[in-house]
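Have a look at the structure below before the remarks.
The values are calculated or read from the model by the stated rules, or taken from the named source; none is laboratory data. Every value quoted in this text rests on a predicted model; they were computed, and no experiment measured them. Cβ atoms come from the backbone with ideal geometry, glycine included; neighbour counts cover every protein chain shown. Surface accessibility is based on the protein's heavy atoms, side chains included, excluding ligands, DNA and RNA. Shrake-Rupley method; radii C 1.70, N 1.55, O 1.52, S 1.80 Å.
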Amino acid sequence: MFSLETADYANLMADSEVRRARNLVAASCAAGVAQIVHTSVSGAGDDDPAAFDAQRWGAFPAHYWRSKIEAERAVREAGFPAWTILRPAAFMENLRQPSIWFAGFTSNRLGVVNDLDLPRPWVAVRDIATAALAAFARPRRFHEVVLELAGDELSLRRAVGILNAVRSEPIGLPDSPEQALAWGVLPELAASQRRMDAHPAPARPAAARALGIALTTFEQWAEGEAGPVRELFTAH
């Protein structure tokens, strides 16, 4: 069983994610599923209470992280003969329009309040499948493995620079967090981004390499984006 639950974007403070995780785990146990691979988020194991402080970060970021922790707990405590938890870093695909990271979802302006020069981990979405397949192929080796998953580590400024070298239309970075907010960054997203800088995701490429999993670097991902990006802007 591959388990993936997300927040209810129609009601960000709902308990849908945890409820779905518990329902899936219960149904899997009832069906005799022998192995489950659950995908969560990098940093869900952070035991610093300040990382989940609703007064500091806002209600939604705190709820988001608690939901991830409870979904993981449902998998850990179910008694599966084999279980693995993947904790992916930020998706490289967040830097492809349409994306919530861009002002208006489709513009070329990156709406982020983050520190643009702070190194951060990244993962290509397809590499979540790569890691999941590795776990399914070797259930004993990956039993009780909690893998902080990243294919690369670099700053937002560096990532955008790599992408702009292959794009027809360059991505614009804000001059300041205030400018990003003026571009219309969603308040919940801005709060999550500030928390991201204060409590950086711990995923690093070395963790996957140690398990024999080859993941995609940001430059490799950007090279694969070159064709689709040019076609997109040529078409429009």
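Computed quantities for the displayed model
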| item | result |
| --- | --- |
| Top-ranked residue in region 26-41 [being in a loop (DSSP other than H, G, I, E, B) and within 19 Å of the chain's Cα centre (by Cα); ranked as surrounded by the most Cβ atoms within 10 Å (Cβ to Cβ)] | 40 |
| Region 7-25, residues that are open to solvent by 60 Å² or more (accessible area, probe 1.4 Å) and out of contact with any helix residue (DSSP H, G or I) (no Cβ under 6 Å at 6 or more places or on another chain) | 9, 10, 11, 15, 19, 20, 23 |
| From 137, 203, 132, 208, residue being within 14 Å of residue 84 (Cβ to Cβ), of a type in the set (Gly, Ala, Ser), at pLDDT 95 or above and in contact with a Leu (Cβ under 6 Å, 6 or more places away or on another chain) | 208 |
| Looking only at region 12-25, and only at residues there that are over 20 Å from the mean Cα position of the chain (by Cα) and of a type outside the set (A, V, I, L, M), the one that is nearest to residue 84 (Cα to Cα) | 22 |
| Residue 110 vs. criteria modelled with pLDDT of 95 or more, closer than 23 Å to residue 180 by Cα and exposed (fewer than 14 other Cβ atoms within 10 Å of the Cβ) | no |
| Which listed residue is under 30 Å from residue 1 (Cβ atoms) and under 16 Å from the mean Cα position of the chain (by Cα), from 144, 153, 148 | 148 |
| Test: residue in region 164-184 that is under 29 Å from residue 130 (Cα atoms) and small (Gly, Ala, Ser) | yes |
| The lone exception for residue 18 - which of (1) touching a residue at least 12 places away in the same chain (Cβ under 8 Å); (2) assigned to a helix (DSSP H, G or I); (3) more than 29 Å from residue 121 (Cα to Cα) it fails | (3) |
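Residues are listed down the side, and each one gets a yes or a no for (1) part of a helix (DSSP H, G or I); (2) closer than 23 Å to residue 206 by Cα; (3) not hydrophobic (A, V, I, L, M, F, W, C):
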| site | (1), (2), (3) |
| --- | --- |
| 43 | no, yes, yes |
| 55 | yes, no, yes |
| 67 | yes, no, yes |
| 78 | no, no, no |
| 84 | no, yes, yes |
| 106 | no, no, yes |
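A quick yes/no check of all residues on (1) touching a strand residue (DSSP E or B) at 6+ places or on another chain (Cβ under 6 Å); (2) closer than 22 Å to residue 121 by Cβ; (3) without any contact (Cβ under 8 Å) to a residue 40 or more places away in the chain:
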position: 9; (1), (2), (3): no, no, yes
position: 12; (1), (2), (3): no, no, no
position: 39; (1), (2), (3): yes, yes, no
position: 49; (1), (2), (3): no, no, yes
position: 64; (1), (2), (3): no, yes, no
position: 81; (1), (2), (3): no, no, no
position: 84; (1), (2), (3): yes, yes, no
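Quick grid of which residues meet (1) in contact with a Gly (Cβ under 9 Å, 6 or more places away or on another chain); (2) open to solvent by 50 Å² or more (accessible area, probe 1.4 Å):
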| position | (1), (2) |
| --- | --- |
| 121 | yes, no |
| 127 | yes, no |
| 133 | no, yes |
| 140 | no, yes |
| 147 | no, no |
| 163 | no, no |
| 169 | no, yes |
| 177 | no, yes |
| 208 | yes, no |
